[in-house]
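To start, the structure itself, in structure tokens.
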Amino acid sequence: MDWTTEIKAATARISDHVQRTPVMQSRGFGLSYPIEMKLEQLQHTGSFKARGAFNTLLSQDVPTAGLVAASGGNHGAAVAYAAHCLGHKARIYVPEMAGPAKIALIRDAGADLQVVPGAYANALEQAQTYERETGAMQVHAYDAPGTVAGQGSCFAEWQDQGLAADTVIIAVGGGGLVAGALAWFGGSRKVVAVEPETSCALHAALKADAPVDVEVSGVAANALGARRIGSICFDLARQQDVASVTVTDAAITAAQTALWRERRLLVEPAGATALAALMSGAYRPAPGEKVAVLLCGGNIAPDPLA
């Protein structure tokens, strides 16, 4: 696939529907070097997911049966929001572990919300059943070309904003976001994939040299808790020999706290996971290596202002 062409097309297609999120240079967080950050938690519905949702809906014919998606929370909110904006009906399946804040966000967007027992994989099974029975269009959270190209627009945008880093550090769940980065950069910049120790589908797949099922738990599981890495992400990660590291829940919450205390940036645990790799030393840049961190989501549970 010509990913550069696909991502350029996606960037143009969704430009009137998504936020051009800000970037900043920052020192602190106990680091001896500066970092660049892109604040994608300020995107519509509080995460980068709106990019892939809008690109999918705008690049395909939506059937009269509407849309269906499975989500740990952020993807469902993005699909619900995009469907509402574009006039489509949507059914969203989420696991109970999504939490009340993300469930409320989906419900407020007007989607037909279905909360199911278990984890993301259980929600996906029910979404696939609904797709077969009704003919609704499945909007996959991470393992579809339209989703990956939409997420890739984040990095095309960042580059246009003057991204100077040699290395971009990105949190990974199912792999749509990091796949978008790998697809856009094509090896021109180093990409570091960061996962929680207790939800590390990409890390496990790279060790096994094939996607494998993993157990999912921890503070970021409702955003990064994919049981198996997407095939698009795995193929790109293996081709580009991506650097893969894991971090503890304690490291994630320390980074989340530091972002608030030092920069008044409020992010969910998943949104702090990339920074956690630097703060904890899970990834140590070489001398002179310029580093950038993507803050991917801000849907905290419980809502701090509720």
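The values are calculated or read from the model by the stated rules, or taken from the named source; none is laboratory data. No experiment lies behind these values; they were computed from the predicted model shown. FYI the Cβ positions are ideal-geometry reconstructions off the backbone, even for glycines, and counts take in every protein chain you see. Heavy atoms of the whole protein, side chains included, go into the accessibility calculation; ligands, DNA and RNA do not. Shrake-Rupley method; radii C 1.70, N 1.55, O 1.52, S 1.80 Å.
Remark: the Ser32-Asp112 segment gains 24.0 nm on full extension, using 0.36 nm per residue and subtracting the alpha carbon distance.
Below 13 angstrom from the Cβ of Pro302, what's the summed charge of the other residues (Lys, Arg +1; Asp, Glu -1)? Write out the running numbers ahead of the final one.
Details: positive: Lys102; negative: Glu268, Asp303.
Within the 13 Å Cβ shell, the charges total -1.
Note on the chain: GNM, Cα springs under 10 Å; of Thr45, Thr253, Thr147, the largest mean-square fluctuation is that of Thr253. The mean accessible area for residues of the chain, using a 1.4 Å probe and ignoring ligands and nucleic acids, is 40 Å² per residue.
Using a 1.4 angstrom probe with every protein chain in place, what is the largest-first accessible-area order of Ser231, Ser47? Intermediate values should be presented prior to the final figure.
Details: Ser231 55, Ser47 0 Å².
Listed by decreasing accessible area, they come as Ser231, Ser47.
Percent of accessible area on the range 168-306 owned by carbon and sulfur, 1.4 Å probe? Mind showing how you got there, number by number?
Working: 2660 of 5420 Å².
Its accessible area is 49 percent carbon and sulfur atoms.
Near Gln138, the amide H atoms lying under 5 Å from its own belong to Val68; only residues 5 or more places off or on other chains count, and H is placed 1.01 Å from N. Accessible area of Asp235 (1.4 Å probe, protein heavy atoms only, ligands and nucleic acids ignored): about 70 Å².
Summing Lys and Arg as +1 and Asp and Glu as -1 over all other residues whose Cβ lies under 14 Å from the Cβ of Gly225 gives a net charge of -4. Here are some values of volume of the Cα convex hull per residue in Å³: (i) 128; (ii) 116; (iii) 137. Which one was computed from this structure? Only one option fits the structure, namely (ii). Placing +1 on the Cβ of every Lys and Arg and -1 on the Cβ of every Asp and Glu, with nothing else charged, gives the range 93-243 a dipole about its Cα centre of roughly 140 debye. Relative contact order of the chain: 20 percent, from C-alpha pairs under 8 Å at least 6 residues apart in sequence.
Of the beta bridges in the chain, as assigned by DSSP with both residues counted there, near 15 percent are antiparallel. The amide H of Val212, built 1.01 Å from its N in the peptide plane, has Ala205, Ile229 as neighbours under 5 Å, considering only residues 5 or more places off or on other chains.
Rank Gln239, Ala136, Leu305 by how far each Cα sits towards the positive end of the charge dipole of the chain (+1 on Lys, Arg Cβ; -1 on Asp, Glu Cβ) and give me just the farthest. Looking along the dipole axis, the top candidate is Leu305.
To the nearest 20 debye, what is the magnitude of the charge dipole of the chain about its Cα centre, counting +1 on the Cβ of each Lys and Arg and -1 on the Cβ of each Asp and Glu?
Numbers: 23 positive and 28 negative charges, 118 e Å.
Taking the Cα centre of the chain as origin, the dipole is about 560 debye.
With both labels modelled 7 Å from their Cα along Cα-to-Cβ, the Ser217 to Arg263 distance reads 3.1 nm.
How big is the dipole moment of the range 18-139 about its Cα centre under a simple scheme where the beta carbon of each Lys and Arg is +1, that of each Asp and Glu is -1, and everything else is neutral? Debye, nearest 20, please. Each step should come with its number before you reach the end.
Numbers: 10 positive and 9 negative charges, 74 e Å.
It comes to approximately 360 debye.
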